[in-house]
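Values in this text are rule-based calculations from the coordinates and carry no lab data. Quick caveat, the model's predicted, so the values are computed rather than measured. Every residue, glycine as well, gets a Cβ built from its backbone with ideal geometry; the counts of neighbours run over all protein chains shown.
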Amino acid sequence: MQKVYEIAQLQALREKMQGSVGFVPTMGALHAGHLSLIRRAREENDHVIVSIFVNPTQFLEGEDFESYPRKEEADSEICRRAGIDLLFFPHAEALYEKDELRILAPAIRGYILEGEKRPGHFDGVLQVVMKLFNLTRPTRAYFGKKDAQQLALISQMVRNYFLPTEIVACEIVRDEKGLALSSRNAYLSDEEKQRALALSRALRLASERIGAGERDARKIEAVMEEALSETDKIDYAVAVRRDFQAIDEIEIGNTILLVAAWVGKTRLIDNLWL
Ligand code: PAF
């Protein structure tokens, strides 16, 4: 595995790659969820590039940019063991200049749910992903379904800008109790981890109700809200179409249940694709 910090080094090594390139963009603090993306990229491509960059433009004022876990040594070791070819650790100064040309998230889909709670967040995500795609020129790029709205917007960016990259959606990885893996779980105390299980429980209870025949989206949302009462604050508990349009009726095969809630000072998200 080669590890590079400079854009020119990355480009020189990318130039030499023949065949397909799988790319896994991350913000580091790698866990089994990231590893599942890396393994899939390894299986499906001739070369694998992973980037680790805590992207400042997708954090809002007052969010956890400064405290976001940074584990360069441990992450490098995980990538080396996973057999990737190239690990890219860019510096913010090299990726960004002042007063940049911006790609903006779409006015509606980029500003509901996560985008409503974190206005501008997706502008920053699309900005950095476009840069990373242009630098790594991947055949396939791997994203977790846990960030379902991010996945939808990146897929839309690829479509709208005719980018020659296939977006591969990968399943959510959970711990043995059902908590969806996230780098932010590191902020949770043991007691908070216990209460954080309310998110996956809400999704499970909702899917059981749907399994029993309930199709009314408002009733399913009420089931999820009730299950989330153990958390400290609910940001949303909704059923939407896979393209993030609002729905009244659950449609199996085209619905996502999404929850976001606070446990202590940590904001958690989870979802279930039906
Ligand atoms: O999902 C993430 O970790 C980040 O949003 C991404 C896609 C690496 C962009 O910074």
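Quick check: is even one residue across the stretch 42-59 among the polar types (S, T, N, Q), away from the ligand (no atom under 13 Å from the Cβ) and either closer than 17 Å to Lys3 by Cα or crowded, with 18+ Cβ neighbours inside 10 Å (or both)? Yes, the conditions are met somewhere in the stretch 42-59.
Number of residues in the stretch 154-200 that are surrounded by 14 or more Cβ atoms within 10 Å (Cβ to Cβ), of a type in the set (Gly, Ala, Ser) and more than 14 Å from the chain's Cα centre (by Cα): the value is 4. Can you find a residue that is away from the ligand (no atom under 12 Å from the Cβ), more than 16 Å from the chain's Cα centre (by Cα) and not in a helix (DSSP H, G or I) anywhere in the stretch 122-136? Within the stretch 122-136 (the criterion being away from the ligand (no atom under 12 Å from the Cβ), more than 16 Å from the chain's Cα centre (by Cα) and not in a helix (DSSP H, G or I)), the answer is no, since none of the residues qualifies.
Do any strands (runs of 3 or more DSSP E) lying entirely in the stretch 163-274 carry at least 2 residues that are in contact with a Ser or Thr (Cβ under 9 Å, 6 or more places away or on another chain) and touching a residue at least 40 places away in the same chain (Cβ under 8 Å), and which ones are they?
Passing ranges, in order: 255-263, 266-273.
If only residues of the stretch 68-81 that are more than 16 Å from the ligand (Cβ to nearest atom) and of a type outside the set (D, E, K, R) are counted, the one that is farthest from Trp262 (Cα to Cα) is Ser76. Within the stretch 26-41, being buried (at least 20 other Cβ atoms within 10 Å of the Cβ) and over 13 Å from the mean Cα position of the chain (by Cα) holds for Ile38, Ala41.
Kindly evaluate Asp190 against the criterion of being away from the ligand (no atom under 16 Å from the Cβ) and more than 16 Å from Asn271 (Cβ to Cβ).
Yes, satisfied.
Scanning the stretch 82-102 for any residue that is within 16 Å of the ligand (Cβ to nearest atom), under 29 Å from Leu268 (Cβ atoms), of a type in the set (D, E, K, R) and within 19 Å of the chain's Cα centre (by Cα) turns up nothing. If you go through the stretch 103-125 and keep only what is touching a Ser or Thr at 6+ places or on another chain (Cβ under 9 Å) and surrounded by fewer than 18 Cβ atoms within 10 Å (Cβ to Cβ), you end up with just Gly120. Checking the structure you have, find out if any residue of the stretch 145-152 is away from the ligand (no atom under 14 Å from the Cβ), of a type outside the set (Lys, Arg) and either part of a helix (DSSP H, G or I) or out of contact with any His (no Cβ under 9 Å at 6 or more places or on another chain) (or both). Looking for residues that are away from the ligand (no atom under 14 Å from the Cβ), of a type outside the set (Lys, Arg) and either part of a helix (DSSP H, G or I) or out of contact with any His (no Cβ under 9 Å at 6 or more places or on another chain) (or both), one finds none in the stretch 145-152, hence no.
Reported count of residues in the stretch 19-32, each being of a type in the set (Gly, Ala, Ser) and more than 10 Å from the ligand (Cβ to nearest atom), is 4.
The single condition from (1) touching a residue at least 12 places away in the same chain (Cβ under 8 Å); (2) more than 13 Å from the ligand (Cβ to nearest atom); (3) under 20 Å from Ser20 (Cβ atoms); (4) not aliphatic (A, V, I, L, M) that Arg109 fails is (3). A Cβ distance below 6 Å, combined with a sequence gap of six or more or placement on separate chains, defines the contacts here; from the stretch 120-146, residues that are more than 24 Å from Ser36 (Cβ to Cβ) reach residues that are more than 10 Å from the ligand (Cβ to nearest atom) in the pairs Asp123/Leu104; Asp123/Ala105; Gln127/Ile103; Met130/Ile103; Lys131/Leu95.
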